[in-house]
1. If a residue has to be surrounded by fewer than 24 Cβ atoms within 10 Å (Cβ to Cβ), farther than 17 Å from P164 by Cβ and in contact with a Ser or Thr (Cβ under 9 Å, 6 or more places away or on another chain) to count, how many in the stretch 188-218 make the cut?
2. Output the number of residues of the stretch 290-316 satisfying the condition of being over 17 Å from F110 (Cβ atoms), of a type in the set (G, A, S) and either touching a strand residue (DSSP E or B) at 6+ places or on another chain (Cβ under 8 Å) or outside any helix (DSSP H, G or I) (or both).
3. Please state which of the following conditions K279 fails to meet, knowing it meets all the rest: (1) touching a Pro at 6+ places or on another chain (Cβ under 7 Å); (2) modelled with pLDDT of 95 or more.
4. Which one is surrounded by the fewest Cβ atoms within 10 Å (Cβ to Cβ), of the residues in the stretch 294-315 that are on the phi > 0 side of the Ramachandran plot and under 21 Å from the mean Cα position of the chain (by Cα)?
5. Considering only residues of the stretch 98-141 that are within 27 Å of A165 (Cα to Cα) and among the aromatic types (F, W, Y), which is surrounded by the most Cβ atoms within 10 Å (Cβ to Cβ)?
6. Quick check on G282: is it farther than 19 Å from P249 by Cα and of a type outside the set (V, I, T)?
7. Just the residues that are buried (at least 22 other Cβ atoms within 10 Å of the Cβ) and under 16 Å from G175 (Cα atoms), please, taken from the stretch 264-293.
Amino acid sequence: MIDRRTALAGLGLAAASPLAARAGGLANTPDNEPSEWVALWPGVPPGAPAVLPDERIVARPKSPVQPDRIMQAIANPRMAVFRPAEANGAAVLITPGGGYSHVVIDKEGFEMGRWLAARGITAFVLFYRLPHQGWTSGADTPLADAQRALRLIRHGASSYAIDPARLSVMGFSAGGHVAASLATRFAAQAYASVDAADALSARPDAAALIYPVIAMRAEIAHAGSRERLLGAAPSAAQSMAYSPDEAVPADAPPFFLLHAEDDAVVPVDNTLRMRAAIKARGLPVETHLYQHGGHGFGISRAAGKPASAWPEAWFAWARAAGMA
């Protein structure tokens, strides 16, 4: 872990060498953004291509008030940390969306991190590697980063003043697929152990899937996420293996599911299939469906719509489960 000054000072080297600052932050980071960054891997991440992806931050100026940035390539997977003024012992690993083509920084990452920290919850926003950018672990690459991130949080629980048994994951869109994969494949060996943290469980204690990509079957999959994860023509076996609804284990955590019925990007059937699979296992699940809302609304873009109530609905659910 490095502090904000070191993270920002290292950014001058990031364009030439993304690994020069191992837990580097983002250029022009405002004071209300994270002051701590945690690198996931010592040295170069496992299975790296000969030429590392060139990390690029792109601003999408859709709002004069709210920033909307994306990171188009990840060479240095890391977590941005949002610490509350008074930690209540709970923590959330946030996996933003981006269709496996990029990672959304603001509306599905930092906004949620600040919202959680304001309520006493320590938040970690994960910048996970993208599976189509040459990593030898291919479709397991985002899962490897998610497993490693959760284990690192658990390993450092005392330094964050959190309870290692109150650690949730929350994923949006394709990040919902990352979160669902972690919540169903936490026992899979997605990478070789590198240190003592990897002896810990990667199972989250609760999972929130927000308008998630779930199924990899062509008829209901988000086509871009499916192709970037599995390639242009995955086999039926591959599609099944990477559809979390097809392999919910008996010891999966409780789930909170959320979707808008008019989502034209990721069909609501993804959430409905996940709910059915969880129910079939007899596991606890709470589901919220909104008639209107579309896709990718996060917090700020849900303002003025019925879907704007979702963060408080999640908070009430999490608090009842001892996760907030």
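1. 5
2. Here the count works out to 5.
3. The one condition K279 does not meet is (1).
4. The first filter runs over the stretch 294-315 and keeps only residues on the phi > 0 side of the Ramachandran plot, leaving 294, 296, 298, 304.
The next check asks that each one be under 21 Å from the mean Cα position of the chain (by Cα); those that pass are 294, 296, 298.
Details: G294: 16, G296: 21, G298: 25.
My answer is G294.
5. F124
6. Values: farther than 19 Å from P249 by Cα: no; of a type outside the set (V, I, T): yes.
So G282 does not fit the description; no.
7. V266, N270, T271, M274
Yes/no per residue for (1) acidic (D, E); (2) in contact with a helix residue (DSSP H, G or I) (Cβ under 8 Å, 6 or more places away or on another chain); (3) farther than 16 Å from T271 by Cα:
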{"position": "A190", "(1), (2), (3)": "no, yes, yes"}
{"position": "A196", "(1), (2), (3)": "no, yes, yes"}
{"position": "A208", "(1), (2), (3)": "no, yes, no"}
{"position": "R217", "(1), (2), (3)": "no, yes, no"}
{"position": "R228", "(1), (2), (3)": "no, no, yes"}
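The values are calculated or read from the model by the stated rules, or taken from the named source; none is laboratory data. Small disclaimer: the values here were computed from a predicted structure and weren't measured. Positions of Cβ are generated from backbone atoms using ideal geometry, with glycine treated the same way; all protein chains shown enter the neighbour counts.
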